[in-house]
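Here's the structure we're looking at; comments come further down.
The values are calculated or read from the model by the stated rules, or taken from the named source; none is laboratory data. These figures come from a predicted structure and were not determined experimentally. A quick note on method: Cβ atoms are made from the backbone with ideal geometry, for glycine too, and the neighbour counts reach across all protein chains shown.
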Amino acid sequence: MIEFRDFSLTYPTGSRPALQKIDFIVPRGQICAVVGADGAGKSTLAGVISGVVPHMTGGETTGWARIGSRMLAETPASELVGEVALVMQNPFNQLSGARFSLREEIAFGLENLGVDRAEMVRRVEQVMADLRLTALADLSPYEMSGGQQQLLAIGSALVMRPAVMVLDEPTSQLDAVGAGVVFDALETLRTQGVTVILFEHRMERPARCVDRVLVLDEGRIAADGQPDDVLTDPRLADWGVAPLRYTTAARQAVERGLWEADRPLPVTLEAAAEGFDAALKGARTAGGL
Amino acid sequence: MDMSSHAVGDSPVHRLNPLTKLVFAVTVTVSAFAFTMIWWPPLLFCVAIVPMVIVSGTQRKFFPTFLALWVPVALTVCLMQGFFYPGAHRVVAGIGPLELKYEGLVFATQTALRVMVLMGGFFLLLLTTRPGTMMSAMTQRGMSPKTVYVVSAALQIAPALAGRAQGIMHAQQARGLSVTGLRGRVRALVPMAGPLILGALTDVGDRAVAMETRGFGTTRHCTYLTEVPDSTAQRAARAAMELCALTAVVANVLGVLR
């Protein structure tokens, strides 16, 4: 479980807090998306959960935050290895630079933790299969495309079998197929009881698989709830988050009287298709078409 | 981007422990430099290195690349020593004010032949050894993981940075920066170096975070994915080669076969 209570953080060079009075609890096994405009505090929050901030960046904190029984203000990233895994935005910078093939790069963290070789081989092969990277196993990480490197960075985190995964825009360089592979992996993590904190800009695809959405606005939690509620909130744009295309289309349909009044606005393609299908059938029944 | 000279294969030479190949390269090099007979380095090359190259099946890659590297070195040594060897007096040929001298050419030939053995031994090692396996072998033999990391990272990140520098140059050229001529190239240094250095510094910060979260720097005993093959026979061979190298050094110090 991840718990933040009245947590604020100000960087040494910051004129205002990067995070302000953050309060939330994420139970074990939940997939929680965090959205917000640039500068809203998403990366800082990701850093705090993974033990990077303030231990490696400096900064003053008030309130407290913990993962399980570990207080994050007292636990640097090096002590959370194996428990919390972080995938950052830029995959290039996550490569160790010291391993000469994808297979070795994925194993790097396990080698540092002293995991038994047979277990290491098993986990590495499993992760490569899950992320469809087996064919690239012997390729140098530096010969891979940005998208492949991003999958590699995710694989390097998954292989550690952490209790908490922090993913900071993990699909930013991936095409639709690659993003699909990542979200399939998230579904697998859910079944394994792994808690996932997903920081994303584009919510169309993650909206299907997340249990909850937090909106950050200028370092504060502006909204916290189920995807259906938060992602259809009319204030979303005011918080710097682009509404989903499906929601926007349905909202325009509402204005034109084409959307059933009692039907909630959709946040997934499936819900949008169902809504427009119902609207079409309704129009046919009424003789409009 | 080619990060290494490694030629993929599964020959007996490829399967040798990298340390065995490293000790072999060091031993033939030390032997080549220990004795002054001019026929000794070519003999070593033909008897020790060439058979290994043939057994490894890398001759098609080995010889063209080796010659491309060694011939310019040998020619440079011959020219420099031929013209400027101190104390030489027997003139072989004259080009204007410069005189090519016999003693210089003899010394240059000997040096070039010794370098041939050195380059041949180490190039064979590079050709038949995956860099990752080499690094694992070094770590498993007790070298500090941090030292091995520095060497590995330098091997990989330097070419990656070169690629980035190329990208920055193209971006700056697209914005009108001229890099033609000496003045243009000098002027282009600042707009090239600025983004490259700042980007590299940012990368260092991010990479430090990534390494921390992946357990680099923990005090736990490391394990290794890459299993480095070794055997009693190879350990014995390494000991024998080390003894040979030591004997060659002692012989050189005592003046035997000079």
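Per the conditions (1) surrounded by fewer than 14 Cβ atoms within 10 Å (Cβ to Cβ); (2) part of a helix (DSSP H, G or I); (3) free of Cβ contacts under 8 Å to residues at least 24 places away in the same chain, the sole criterion not satisfied by residue A:251 is (1). Within segment A:98-125, restricting attention to residues that are more than 24 Å from the chain's Cα centre (by Cα) and among the small types (Gly, Ala, Ser), the residue that is modelled with the lowest pLDDT is A:98. The residue that is surrounded by the most Cβ atoms within 10 Å (Cβ to Cβ), among those in segment A:66-85 that are in contact (Cβ under 8 Å) with a residue 40 or more places away in the chain and at the interface with chain B (Cβ under 8 Å from one of its Cβ atoms), is A:84. Before we move on, is residue A:224 modelled with pLDDT of 90 or more, surrounded by fewer than 18 Cβ atoms within 10 Å (Cβ to Cβ), in a helix (DSSP H, G or I) and not hydrophobic (A, V, I, L, M, F, W, C)? No, not satisfied.
Inspection of segment A:49-62 identifies at least one residue that is part of a helix (DSSP H, G or I), within 13 Å of chain B (Cβ to nearest Cβ) and in contact with a strand residue (DSSP E or B) (Cβ under 8 Å, 6 or more places away or on another chain). Just so you know, in segment A:86-104 the residues that are part of a helix (DSSP H, G or I) and over 29 Å from residue A:1 (Cα atoms) include one that is farthest from the other protein chains (Cβ to nearest Cβ), and it is A:102.
Residues considered: B:71, B:30. Of these, the only one that is assigned to a helix (DSSP H, G or I), more than 14 Å from chain A (Cβ to nearest Cβ) and surrounded by 13 or more Cβ atoms within 10 Å (Cβ to Cβ) is B:30. So for segment A:191-205 (the condition being of a type in the set (S, T, N, Q) and modelled with pLDDT under 90), does at least one residue qualify? Among the residues of segment A:191-205, at least one is of a type in the set (S, T, N, Q) and modelled with pLDDT under 90, which makes the answer yes. Return the residue satisfying two criteria in turn: it lies in segment A:108-120 and is facing chain B (nearest Cβ under 7 Å) and closer than 13 Å to residue B:227 by Cα, and of such residues it is surrounded by the fewest Cβ atoms within 10 Å (Cβ to Cβ). If we take residues in segment A:108-120 being facing chain B (nearest Cβ under 7 Å) and closer than 13 Å to residue B:227 by Cα, then A:116 is surrounded by the fewest Cβ atoms within 10 Å (Cβ to Cβ). Restricting attention to segment A:123-165, and to residues there that are away from every other protein chain (no Cβ under 11 Å) and of a type in the set (Lys, Arg), which single residue is nearest to residue B:224 (Cα to Cα)? Of everything passing the filter in segment A:123-165, A:161 is nearest to residue B:224 (Cα to Cα).
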